[in-house]
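Structure first, commentary second.
Just so it is clear, none of the values below were taken in a lab; they were calculated from the coordinates. Just so it is clear, the model here is predicted, and its values are computed rather than measured. Glycine also receives a Cβ, built like all others from the backbone with ideal geometry; neighbour counts cover every protein chain displayed.
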Amino acid sequence: MSDPERRLATVALIVRDYDEAIAWYTDRLGFSLAEDIHLGGGKRWVTLAGTGGARLLLARADDERQSVRIGDQTGGRVFLFLETDDFARDHAAMMAKGVSFKETPRDEAYGTVAVFADLHGNLWDLIEPRR
């Protein structure tokens, strides 16, 4: 019997507004809009894709409990990791587009990395893994 094939495919990210988030992630990080399906009642199924296969699902907050988590889905820890094959290129491009880096780039045993914040303040790593 063979093992089932599984992969992490989509991560939900709570946002204030679909269109604001689509614009930020496509303009500043270079993601592409993969799906934007209206579900009725103001809800949409909005996914963004990079080049690596996994997608972001933009989930608009429905109530106060969800709204207070916007920008702090992980209690202030780095939430997502954006891998690149050229750290210097992507860091410079993101800085030019107004992405807020929280530190200067640093070399670690696992690669070159710098923390940045998305439009709501969620923390991400831009990382070029050591190969």
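Considering only DSSP beta bridges whose two residues both sit in segment 63-131, what percent are antiparallel, to the nearest 5?
The antiparallel proportion sits near 70 percent.
Net charge within 14 Å of His91 by Cβ-Cβ distance, Lys/Arg positive one each and Asp/Glu negative one each, not counting His91 itself?
The answer is -3.
Based on the alpha-carbon gyration tensor of segment 88-130 and its eigenvalue square roots a ≥ b ≥ c, which shape applies: rounded if a/c is under 1.5, prolate if not and a/b is larger than b/c, or oblate?
Because a/c hits 1.5 or more and a/b fails to exceed b/c, segment 88-130 counts as oblate.
Give the span of the chain's Cα atoms along each principal axis, as three whole-Å numbers ordered largest to smallest.
Dimensions of the chain along the principal axes of its Cα atoms: 49, 47, 27 Å.
Could you pull the Rg and Dmax for segment 1-70, using just the Cα atoms, both in Å?
14.0, 47
If we count every other residue with Cβ under 11 angstrom of Ile37's Cβ, Lys/Arg +1 and Asp/Glu -1, where does the sum land? Can you show the working numbers first?
Values: positive: Lys43, Arg44; negative: Glu35, Asp36.
The answer is 0.
Report the chymotrypsin sites (Phe, Trp or Tyr not before Pro) located in segment 24-131 that are in a DSSP loop and have at most 11 other Cβ atoms inside 10 Å of their Cβ, or state none. Before the final figure, lay out each step's value.
Working: sites: Trp24, Tyr25, Phe31, Trp45, Phe79, Phe81, Phe87, Phe101, Tyr110, Phe116, Trp124; in loops: Phe31, Tyr110.
Listed in order of number, the matching sites are Tyr110.
Helix-only mean residue ellipticity at 222 nm, the chain, DSSP H runs n ≥ 4 weighted -39,500 (n - 2.57), per residue, nearest 500. What is it?
Here the helix-only value at 222 nm equals -5500 deg cm²/dmol.
Can you give the longest stretch of the chain with no exposed loop site, where a site means GluC sites (Glu not before Pro) in a DSSP loop (not H, G, I, E or B) with at most 14 other C-beta atoms within 10 Å? Intermediate values should be presented prior to the final figure.
Details: sites that count: Glu5, Glu103.
That gives 6-102 as the longest site-free run.
Loop only by DSSP, 15 or fewer other Cβ within 10 Å of the Cβ. Give me the trypsin sites (Lys or Arg not before Pro) in segment 37-86 that pass, ordered by residue number.
Counting only loop positions with at most 15 other Cβ atoms within 10 Å, the trypsin sites (Lys or Arg not before Pro) in segment 37-86 are Arg69, Arg77.
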